[in-house]
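Reading through the structure tokens given below for one structure.
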2 protein chains.
Amino acid sequence: MLGNFTYCNPTKLYFGKDAVENLRTELKNYGKNILLVYGGGSVKKNGIYDRVMTILKECGKEVTEDAGVMPNPTTHKLYEGIARARACQADLILAVGGGSVCDYAKAVSVSVHCDEDPWEKYFLRFEEPTCAIVPVACVLTMVGTGSEMNGGSVITNPEQKLKIGHVFGTEVFPKFSVLDPTYTFTLPHYQMVSGIYDIFNHICEQYFSGTDDNTSDYLSEGLMRSLIHSSRIANLDPMNYEARSNIMWTATWALNTLVAMGKDTDWEVHMLGQAVGAHTNATHGMTLAAVSMAYYRHIMPYGLAKFRRFAVNVWGVDPAGKSEEQIADEGLAAMEAWMKELGLVMNLTELGVREDMLDGLVKSTLVMETGYKVLTPEEIRAIFKESL
Amino acid sequence: MLGNFTYCNPTKLYFGKDAVENLRTELKNYGKNILLVYGGGSVKKNGIYDRVMTILKECGKEVTEDAGVMPNPTTHKLYEGIARARACQADLILAVGGGSVCDYAKAVSVSVHCDEDPWEKYFLRFEEPTCAIVPVACVLTMVGTGSEMNGGSVITNPEQKLKIGHVFGTEVFPKFSVLDPTYTFTLPHYQMVSGIYDIFNHICEQYFSGTDDNTSDYLSEGLMRSLIHSSRIANLDPMNYEARSNIMWTATWALNTLVAMGKDTDWEVHMLGQAVGAHTNATHGMTLAAVSMAYYRHIMPYGLAKFRRFAVNVWGVDPAGKSEEQIADEGLAAMEAWMKELGLVMNLTELGVREDMLDGLVKSTLVMETGYKVLTPEEIRAIFKESL
């Protein structure tokens, strides 16, 4: 742990079957007016909406609904949410959904009492809130982003063709989140495995950087091993509570700042994937999966010691009698085999990328400075091309 | 993660060299009157007292000192601390020291505004505070107990010959803790390795229980691997910042509730060790080390699958061609070799236990119900005898 750091994560998590019942206790800490935020119709189909609404009513709350939060929440939707929160004088914003819904709730929470334009202040100028913040809580129904226990919020401005994330400080973290693994049972397989790869890549982005010896990397290895193990079970048996609960818990700890403490991080795969997302609207986790193998094989020589360690500690590669490169190669091969086993999208063509789009993708890709290799535009192009 | 649980840990951690400078910002959140709690003279010898005092004075605080907190803080000392905190109307209790000093500060914090006897209320009746709690903060100078980020507080009543721990809720957790690994450099080798084994055993106590597949156990394996690795470096080179920083961070996460989430835990080694401590006043970590091998070899058949996993995942035992018992045995042998390498006390005789004390030790040993084997008095006696 060579770097100095500050760690603080005050979010309270209620985990397990029927954890939503804890809402009854928590709601006592907040005023009468609740802005209930959710996405499309899925929470109505699976009964979660009804259950939450029943509890809210039984607790005597006045509920204002803010439905229709899209997978990539837009500035237009944000302005609408702010207006609703102001009109009902929201005492609490309750997000029921996945990472997008929770991200959106946080963006509303810092904007209700803000006199400036929130897109410009938070997402273009990356300023911190200077106004009162409406508390946010979350009932999680999809796993992957870790938004239930962090300050992350990603908003898209369709006119400016910009999708920007702001990582807010602890005062914007959800006050509490409800994590019931059974709420993830009804998710389609494509979405489930896409989320699983998003989690895995969150860990990789923090693991594949830095040369120091760091407890955070050992924690990352533990999370990766748990995720690989449970993903194989859930892939065949999506209703397996034990596996789905481990995946849910792993997702939270993969991106709540813990495994980044005291070390450098990369995040280049997310930059490549987000460029693909901006040009295709493909599912986030699949964009990461499609570019990962080309990216990691490309940077492996620059971070060979860590890739060797990844092979042995995460994938159980036997190092006896092999060169460092062979060991590292076998690790990446094991990772690729696991990704195929889950049924992830392993190429960009399947996501709608054509060769004539590569120049645009390269232009849309931000270059991170702290990975094992700072990519040149030519390298980015080569990685995209290899991923076709 | 088969069990339901609630996770919340609001303590803010400032980690790294010169992290104590963050006191200047944090102190603004509290009133003028500071109760400065510390132990013997070590913080004066190594300069930490002077540095903290300088910052407190420069921040305009009124400081009341409460020195002389002993390794096992007594009820007498607790009453003295309560009187001092009341007299100075403490707005913040600042603990500068190791786990004992921090434990003691928490006990004072819940007692200042309490009308009942704190020993009876908190340590005999295990009640929660019903009064206002004076906030606690910590500048850590020894690692092991995790008290810097949990609600644990152990107090000894010498008349009643009782040493009892109460794990308080999050409102009693330190508001913030300063973790500067360089503050641990001057600790004698005996104390350093004793603390390292205390950390390792905290993880074992949470790992060796339960049959379900749980992300917590994967995190535990990561922490153990990091600790084993860094302890070997620190054992030869105590001034190695990287190793000492990893050990400090591992200690915090070994006992801040994370790796116990959603699973059963054991804690029988601590019960055996605390009985030894009550009869000999031996250093806590060494009492754990002296009884561990006999205990774990005794319970291994009842938790064979977990001991096999421990051997392979923590100690890198090659399972090929071996029976489950052989693999598990090799894991415990590797653990024993590591303990000897560190120079831990591996028998009770060296700690002053004689065979005629065994009956007394057995009587003093609490029996936990959730480990792999609920011990009978005969088994406890046999474990102590084997540990002589």
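The values are calculated or read from the model by the stated rules, or taken from the named source; none is laboratory data. Only a predicted model underlies this, so the values are computations on that prediction, with no experimental measurement involved. Glycine also receives a Cβ, built like all others from the backbone with ideal geometry; neighbour counts cover every protein chain displayed. Areas reflect the complete protein model, heavy atoms only, side chains present, ligands, DNA and RNA absent. Shrake-Rupley method; radii C 1.70, N 1.55, O 1.52, S 1.80 Å.
Annotations for the structure displayed:
- Odd one out for residue A:48, checked against (1) within 14 Å of another protein chain (Cβ to nearest Cβ); (2) touching a helix residue (DSSP H, G or I) at 6+ places or on another chain (Cβ under 9 Å): (1)
Residue by residue, here is whether (1) in contact with a Gly (Cβ under 8 Å, 6 or more places away or on another chain); (2) open to solvent by 30 Å² or more (accessible area, probe 1.4 Å) holds:
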{"site": "A:110", "(1), (2)": "no, no"}
{"site": "A:116", "(1), (2)": "no, yes"}
{"site": "A:119", "(1), (2)": "no, no"}
{"site": "A:122", "(1), (2)": "no, no"}
{"site": "A:127", "(1), (2)": "no, yes"}
{"site": "A:136", "(1), (2)": "no, no"}
{"site": "A:145", "(1), (2)": "yes, yes"}
{"site": "A:149", "(1), (2)": "no, no"}
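- Residues within the stretch A:27-74 that are under 23 Å from the mean Cα position of the chain (by Cα) and over 24 Å from residue A:154 (Cβ atoms), tallied: 1
- In the stretch B:7-37, the residues that are open to solvent by 10 Å² or more (accessible area, probe 1.4 Å), out of contact with any Cys (no Cβ under 9 Å at 6 or more places or on another chain) and away from chain A (no Cβ under 14 Å): B:30, B:31, B:32
- Residue in the stretch A:64-71 that is closer than 21 Å to residue A:186 by Cα, at pLDDT below 95 and away from chain B (no Cβ under 14 Å) present: yes
- Residues in the stretch A:174-192 that are crowded, with 24+ Cβ neighbours inside 10 Å and either aromatic (Phe, Trp, Tyr) or farther than 16 Å from residue A:97 by Cβ (or both): A:176, A:183.
- Every test in (1) open to solvent by 10 Å² or more (accessible area, probe 1.4 Å); (2) closer than 30 Å to residue B:341 by Cβ; (3) of a type in the set (A, V, I, L, M, F, W, C) is passed by residue B:162 save one, and that test is (2).
- Number of the condition not met by residue B:74 [criteria: (1) at pLDDT 95 or above; (2) over 25 Å from residue B:184 (Cβ atoms); (3) open to solvent by 10 Å² or more (accessible area, probe 1.4 Å)]: (1)
- Flag if residue A:295 is more than 21 Å from the chain's Cα centre (by Cα) and closer than 24 Å to residue A:143 by Cβ: no
- Considering the stretch B:268-360, the qualifying helices (runs of 4 or more DSSP H), each wholly inside and each with 3 or more residues that are within 13 Å of residue B:383 (Cα to Cα), in contact with a helix residue (DSSP H, G or I) (Cβ under 8 Å, 6 or more places away or on another chain) and open to solvent by less than 10 Å² (accessible area, probe 1.4 Å), run over B:268-280, B:284-299.
- Filtering the stretch A:363-387 to residues that are surrounded by 21 or more Cβ atoms within 10 Å (Cβ to Cβ) and either within 16 Å of residue A:293 (Cα to Cα) or of a type in the set (A, V, I, L, M, F, W, C) (or both) leaves A:371, A:372, A:375, A:380, A:383, A:384, A:387.
- Test: residue in the stretch A:246-253 that is of a type outside the set (A, V, I, L, M) and open to solvent by 10 Å² or more (accessible area, probe 1.4 Å): no
- Segments classed as helices (runs of 4 or more DSSP H), wholly inside the stretch B:1-90, with at least 1 members that are within 30 Å of residue A:257 (Cβ to Cβ): B:23-26, B:48-58
- Considering residues of the stretch B:206-242 that are more than 19 Å from residue B:335 (Cα to Cα) and open to solvent by less than 10 Å² (accessible area, probe 1.4 Å) only, the residue nearest to the other protein chains (Cβ to nearest Cβ): B:215
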